[in-house]
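For reference, the structure is listed below as structure tokens.
The values are calculated or read from the model by the stated rules, or taken from the named source; none is laboratory data. Here the structure is a predicted model, which means the values were calculated and not measured. Every residue, glycine among them, receives a Cβ derived from its backbone with ideal geometry; neighbour counts consider all protein chains shown.
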Amino acid sequence: MKRNIKISGSVNPKKYTILVTGIFDKIMAKLDFAYSKEIEIIFYDSRKSLDKTLGRSTENWEVAFASMGNKENKINILNPERMEKFSCHKKTEFASIITHELTHLVINDIANGSAIPVWLSEGLSNWLCQNNDYRKKELFYIETGLLEKIGTPKGWEELINQNVYSLSYFLVDFIINRFTLVKIKELINNLDKHYYFPRFQKILKSILGVSSEEIELAFVKYLISQNNT
Ligand SMILES: [Zn+2]
């Protein structure tokens, strides 16, 4: 399989190329998808240098940023050796963090650059991480019309303090269990270039055979069953 991962920054490039390539191969095997674009990964030694590149001041929990498109597919990330100094994450979380970001790139390619509902992109990226803490979060309140709300960046930001990353993980986990990973891929592959919820509902119905309301109701039932086990 052809893969082209370029690593820069003050880390051991050989060590990290082997590590990241191994992780990337696992993602592609799991998603059964061949990604062939070049990926650039840049490690930063401080929050300040990362912020300078991104052009904004980032939060303590934000450590890696994927940008994707036809021109470049890039991940800006804090050097794992500096992770604990400049964030609330541990060095040992590197594999999970890079898995999450690489999955974003792969999903974007499956979607052919179409706009992906935020919950679907974040949820699947979390789902691909081997050991994650998303299952441990307590989700007591679920918004009515959840799929619509957490589909757009605006709605996602509004609910960011309500464990949306964890919620999206469970939502994707539920859909995979109920409809299979192949169906999730098919859904991503059939999205419109421009995301608009009423259109998305139609695509959802044509691929999974159910409405967004049915998904939400079944999802809450699933959450309840998860808590009971
Ligand atoms: Zn993400």
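The table that follows gives values for the structure above.
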| read-out | value |
| --- | --- |
| Residue 92 vs. criteria over 13 Å from the mean Cα position of the chain (by Cα) and either assigned to a loop (DSSP other than H, G, I, E, B) or within 11 Å of the ligand (Cβ to nearest atom) (or both) | no |
| Yes/no for residue 165 being touching a Gly at 6+ places or on another chain (Cβ under 6 Å), outside the structural domain of residue 101 (by TED's automatic domain parsing), touching a residue at least 24 places away in the same chain (Cβ under 8 Å) and of a type in the set (Phe, Trp, Tyr) | no |
| Count of segment 95-126 residues which are in a helix (DSSP H, G or I), closer than 17 Å to residue 186 by Cα and of a type outside the set (D, E, K, R) | 14 |
| Residue within segment 48-62 that is among the hydroxyl-bearing types (Ser, Thr, Tyr), touching a Phe, Trp or Tyr at 6+ places or on another chain (Cβ under 8 Å) and assigned to a helix (DSSP H, G or I) present | yes |
| Residues satisfying the stated conditions in segment 96-113, i.e. out of contact with any helix residue (DSSP H, G or I) (no Cβ under 8 Å at 6 or more places or on another chain) and either near the ligand (Cβ under 10 Å from one of its atoms) or among the small types (Gly, Ala, Ser) (or both) | 96, 97, 113 |
| Condition met for residue 45 (within 22 Å of residue 92 (Cβ to Cβ) and of a type outside the set (A, V, I, L, M, F, W, C)) | yes |
| Criterion (in contact with a helix residue (DSSP H, G or I) (Cβ under 6 Å, 6 or more places away or on another chain), modelled with pLDDT of 90 or more and among the charged types (D, E, K, R)) met by exactly one of 91, 48 | 91 |
| Selected residue (only one of 43, 33, 65, 24 is assigned to a loop (DSSP other than H, G, I, E, B) and either touching a strand residue (DSSP E or B) at 6+ places or on another chain (Cβ under 7 Å) or not hydroxyl-bearing (Ser, Thr, Tyr) (or both)) | 33 |
| Residue check, residue 72 within 15 Å of the ligand (Cβ to nearest atom), assigned by TED's automatic domain parsing to the domain that holds residue 42 and modelled with pLDDT under 95 | no |
| Set 181, 171, 146: member being surrounded by fewer than 20 Cβ atoms within 10 Å (Cβ to Cβ) and assigned by TED's automatic domain parsing to the domain that holds residue 222 | 181 |
| Cross-chain or 6+ apart pairs with Cβ under 6 Å, segment 131-151 first and over 19 Å from residue 215 (Cα atoms), then assigned to a helix (DSSP H, G or I) and of a type in the set (Phe, Trp, Tyr) | 134/169 |
| Hits in segment 32-50 (condition: buried (at least 16 other Cβ atoms within 10 Å of the Cβ), among the hydroxyl-bearing types (Ser, Thr, Tyr) and touching a residue at least 24 places away in the same chain (Cβ under 8 Å)) | 35, 44 |
| Tally, over segment 75-87, of residues that are part of a helix (DSSP H, G or I) and either surrounded by 16 or more Cβ atoms within 10 Å (Cβ to Cβ) or modelled with pLDDT of 95 or more (or both) | 4 |
